[in-house]
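A quick write-up on the structure given underneath.
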Amino acid sequence: TLAEALEQGPRPGKPVRIVIPDIDLDAPVEEIGVTAVQSGGQTYYQWLVPDAFIAGWHDNSALLGQPGNTVLNGHHNIYGEVFRDVIDLDKGDEIILYDADQTYTYQVTDIQILLERGQPLAVRLENAQWIAPTEDERITIVTCWPYTDNSHRLVVVAKPMATAKVSGNP
């Protein structure tokens, strides 16, 4: 039941905090889902984005420390601008995520800027492959770009560092 789940607390691997030292980011992470959007007689599903200084964890993406793609989103120019400075990350930069009782350390391996606005569905679906499940363990951060226009998606992929699992509390 829901009451039993609440008594057990957060499940292992569910991200609750993100820290990115190179851009002075330290923010909570909350679980998010999708909303149905009607367009041209079709129903599409769009990820919700927290409306505060909070990163959103896609609720169907991988748990931390597990094989798969752990996807996080957040605004960069409204509602607290949690991912405002993600554009300043470089390959090799460190991203630290926490669950209820463990730390997971990742290293940026890929940065993509993808044109989204005005693109045909085929291009947008190809862009969306960045948030699809993967067989390897990774995190993917998605936000809009540039600051004044939001016409593109900024995608940052990071993979576990060799000593990723260190005990500790957020």
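The values are calculated or read from the model by the stated rules, or taken from the named source; none is laboratory data. What you are looking at is a predicted structure, and each value in this text was computed from that prediction instead of being measured. Here the Cβ positions follow ideal geometry from the backbone for every residue, glycine too, while neighbour counts run over all protein chains shown. Ligands, DNA and RNA are stripped out before the accessible areas are found, and what is left, the full protein with its side chains, is counted by its heavy atoms. Shrake-Rupley method; radii C 1.70, N 1.55, O 1.52, S 1.80 Å.
One entry in [x] 130; [y] 143; [z] 218 is volume of the Cα convex hull per residue in Å³ calculated from the shown coordinates; its label is [x].
Only Cα pairs within less than 10 Å get springs; with that Gaussian network setup on the chain, which residue of 121, 48, 72 has the largest fluctuation? Of 121, 48, 72, the Gaussian network model singles out 121 as fluctuating most. Between residue 61 and 71, the built amide H atoms are under 5 Å apart, and every one of these is 5 or more places off in sequence or on another chain. How many percent of the accessible area of the chain is carbon or sulfur, using a 1.4 Å probe? C and S fraction of accessible area: 50 percent. For the options 151, 61, 39, a Gaussian network treatment of the chain with springs between C-alpha atoms closer than 10 Å singles out 39 as fluctuating the most.
Using the Cα centre of segment 1-144 as the reference point, and only Cβ charges (+1 on K/R, -1 on D/E), how large is the resulting charge dipole? Debye, rounded to the nearest 20. It would help to have the intermediate numbers written out before the result.
Values: 8 positive and 23 negative charges, 105 e Å.
Using Cβ point charges on Lys, Arg, Asp and Glu, segment 1-144 gives about 500 debye.
Ordering 86, 121, 156 by the projection of their Cα atoms onto the charge dipole of the chain, which places +1 on the Cβ of Lys and Arg and -1 on the Cβ of Asp and Glu, puts 121 at the extreme positive end.
How big is the charge dipole of segment 57-98 about its Cα centre, in debye rounded to the nearest 20, if each Lys and Arg gets +1 on its Cβ and each Asp and Glu gets -1 on its Cβ? Don't skip to the end; give the middle numbers.
Details: 2 positive and 7 negative charges, 31 e Å.
Using only the charged Cβ atoms, the result is roughly 140 debye.
Looking at segment 60-117, the trypsin sites (Lys or Arg not before Pro) that sit in a DSSP loop and have at most 13 other Cβ atoms within 10 Å of their own Cβ are 91, 117. Over the chain, accessible surface divided per residue gives 55 Å², non-protein components excluded, 1.4 Å probe.
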